[in-house]
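Presented below is the structure to which this report refers.
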Amino acid sequence: MESKKERVVVLGASQKPERYSNKAIKMLLQHGHEVVSVHPTLDTVAGLTVIHALSDIQGTIDTLTLYVAADISSAAADAIINLHPKRVIFNPDTDNPTLEEQLRQAGIKYEHACTLVLLSTGQF
């Protein structure tokens, strides 16, 4: 059965191949998902043009996957809420209880998971 292809925002994109965000971008692309990479200063990652701010993203977002520390995701909380993704994935070491509460209040689903594991096991 073919899984649904999603539009996925990766917050905390990295050009460094050893970084989990970089691995996730590549794996998302391999699985046929549309990837929107976000980083304030990078121009490209894995051949994709990088968006510098969440507020610059237009259209529907199925999943926002976080690869940033709580201080960064807290600073981006309003932009995340305004983006209104269908779900947010808190990858390991991205826990942010304050943002979780803001998402809950905005009616945005979230989960604690590893995007790489979800993709590898067909659960994405």
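The values are calculated or read from the model by the stated rules, or taken from the named source; none is laboratory data. Fair warning: this is a prediction, and the values are worked out from it, not measured in the lab. All Cβ positions, glycine included, derive from the backbone under ideal geometry; neighbour counts span all protein chains shown.
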Item to check | the range 84-98: number of residues that are under 14 Å from the mean Cα position of the chain (by Cα), more than 17 Å from Arg7 (Cβ to Cβ) and surrounded by 18 or more Cβ atoms within 10 Å (Cβ to Cβ) | outcome: 3
Checklist entry - Mind checking which residues of the range 1-34 are part of a strand (DSSP E or B), in contact (Cβ under 8 Å) with a residue 40 or more places away in the chain and more than 13 Å from Phe124 (Cα to Cα)? => result Val9, Val10, Leu11
Checklist outcome for this item: Wholly inside the range 35-124, strands (runs of 3 or more DSSP E) that include 2 or more residues that are modelled with pLDDT of 95 or more and under 12 Å from Leu11 (Cα atoms) are 63-66, 87-90
